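The values are calculated or read from the model by the stated rules, or taken from the named source; none is laboratory data. Every value quoted in this text rests on a predicted model; they were computed, and no experiment measured them. Note that each Cβ is placed from the backbone with ideal geometry, even for glycine, and that neighbours are counted across all protein chains shown.
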Amino acid sequence: MRIPVIKTVREMQSRCERLRLGGHRIALVPTMGALHAGHLALIREARKHADTVLASIFVNPTQFGEGEDLNRYPRRLSQDVEALADVGGVDAVFAPDVGEMYPTGAETNGDTTWVEVTGLDAHLCGRYRPDHFRGVTTVVAKLFHACKPHTAVFGLKDAQQFVIIRRMVRDLLMDIDVVGVPTVRAEDGLALSSRNEYLSPEQRQQALVIPQAVFQASEQIGLGEQQIGPIVESIRKKLAESPLARVQYAEVVDADSLQPVARLEPGMEALVAVAAYFGDTRLIDSAFVRVP
Ligand code: AMP
């Protein structure tokens, strides 16, 4: 099956308007392309919520900071569209260029309209990637306006992104269901990510300490450990087994507020989150855990 690739906001909006008038339900899966099995799981989930599934492929410049990998981020639109056609489940791809999404410019320090969820972006990744989440929420809001979805599907791998988008939708009264999909992993446990392809074989091997640290911490919480100190200590110990890992953060926070907590309380949802560099490649992993 050939999948239509729509390049302009105007065409996307008029198609989606017609679909809505025809009584269709639309689900959107926003991506930056370089698709892997994680993205495909989002598409399968989207299908459960809608009869029309749209995937967007857009490498959003405003969520990359200075010195980050905007220029080398993998871009292979035609290959991605072919892969989507092979697996099925997507009715159309929205693949705008930068000028289409940012008609007045995409300078991160320029005068334009931003959507910003303040507070939640002060923690975890947000502490080290200033303006990253402002770029994410701004582009996701624009994608929502272009694609008019009833449901939008995101990966829980990007845990902070998920929490922030859910808050944006709630705070801005957007009539959209936000659905999260558990992290899809390689057989050895590493979370699939378009950035894994930057890793050397040695880095790829050592990167396994990240999921191992996250699993171990989740297990500790599941077994009743309520003190944050020992949990974080064992995460750091596991990460230290890799000489190549440069840890950026290792934290256990409240999953709703993303605030650090001194102690886990029964019934609360905790988020275990880790970010580490292997060479220039920054990897993240996380797990939402209900405290027993
Ligand atoms: P990206 O293309 O990396 O911006 O990701 C697009 C969407 O796919 C986001 O909602 C991600 O959270 C999600 N995603 C990326 N990797 C995975 C994974 N391994 N498992 C599940 N979802 C993922």
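For segment 178-218, a tally of residues being polar (S, T, N, Q) and either outside any helix (DSSP H, G or I) or within 11 Å of the ligand (Cβ to nearest atom) (or both) returns 5.
Scanning segment 264-292 for residues that are touching a strand residue (DSSP E or B) at 6+ places or on another chain (Cβ under 6 Å), within 15 Å of residue 218 (Cα to Cα) and not acidic (Asp, Glu) returns 264, 270, 271, 272, 273, 274, 286, 287, 288, 289, 290, 291.
Restricting attention to segment 49-64, the residues that are over 20 Å from residue 36 (Cα atoms) and buried (at least 21 other Cβ atoms within 10 Å of the Cβ) add up to 3. Within segment 19-42, the residues that satisfy the criterion of being in contact with a helix residue (DSSP H, G or I) (Cβ under 9 Å, 6 or more places away or on another chain), farther than 15 Å from residue 147 by Cα and aliphatic (A, V, I, L, M) are 32, 34, 35, 40. Within segment 258-291, the set of residues being at pLDDT 95 or above, of a type in the set (Gly, Ala, Ser) and surrounded by fewer than 19 Cβ atoms within 10 Å (Cβ to Cβ) comprises 267, 279. Applying the condition of being within 30 Å of residue 44 (Cβ to Cβ) and free of Cβ contacts under 8 Å to residues at least 40 places away in the same chain to segment 102-159 and asking which residue is nearest to the chain's Cα centre (by Cα) yields 137.
I'm checking my understanding of the structure. Among residues of segment 233-257 that are touching a helix residue (DSSP H, G or I) at 6+ places or on another chain (Cβ under 6 Å) and assigned to a loop (DSSP other than H, G, I, E, B), which one is surrounded by the most Cβ atoms within 10 Å (Cβ to Cβ)? Result: 242. Could you run through segment 264-278 and say how many residues are closer than 18 Å to residue 236 by Cα and touching a helix residue (DSSP H, G or I) at 6+ places or on another chain (Cβ under 7 Å)? Qualifying residue count, segment 264-278: 8. The residues of segment 196-232 that are over 16 Å from residue 183 (Cα atoms), surrounded by fewer than 17 Cβ atoms within 10 Å (Cβ to Cβ) and out of contact with any helix residue (DSSP H, G or I) (no Cβ under 9 Å at 6 or more places or on another chain), listed by number, are 197, 200, 201, 202, 205, 219, 222, 223, 224, 227, 229.
Counting the residues of segment 174-193 that are within 26 Å of residue 115 (Cα to Cα) and either modelled with pLDDT under 95 or of a type in the set (A, V, I, L, M) (or both) gives 5. Residues in segment 143-175 that are part of a loop (DSSP other than H, G, I, E, B) and within 14 Å of the ligand (Cβ to nearest atom) were compared, and the one that is surrounded by the most Cβ atoms within 10 Å (Cβ to Cβ) is 149. Note on segment 1-111: enclosed helices (runs of 4 or more DSSP H) holding 2 or more residues that are among the polar types (S, T, N, Q), away from the ligand (no atom under 13 Å from the Cβ) and modelled with pLDDT of 95 or more are 9-21, 77-87. Got a number for residues in segment 160-213 being closer than 18 Å to residue 150 by Cα and touching a residue at least 60 places away in the same chain (Cβ under 8 Å)? Within segment 160-213, residues that are closer than 18 Å to residue 150 by Cα and touching a residue at least 60 places away in the same chain (Cβ under 8 Å) number 3.
Of the residues screened, residue 140 is not one that is surrounded by fewer than 21 Cβ atoms within 10 Å (Cβ to Cβ) and either in a loop (DSSP other than H, G, I, E, B) or within 16 Å of the ligand (Cβ to nearest atom) (or both).
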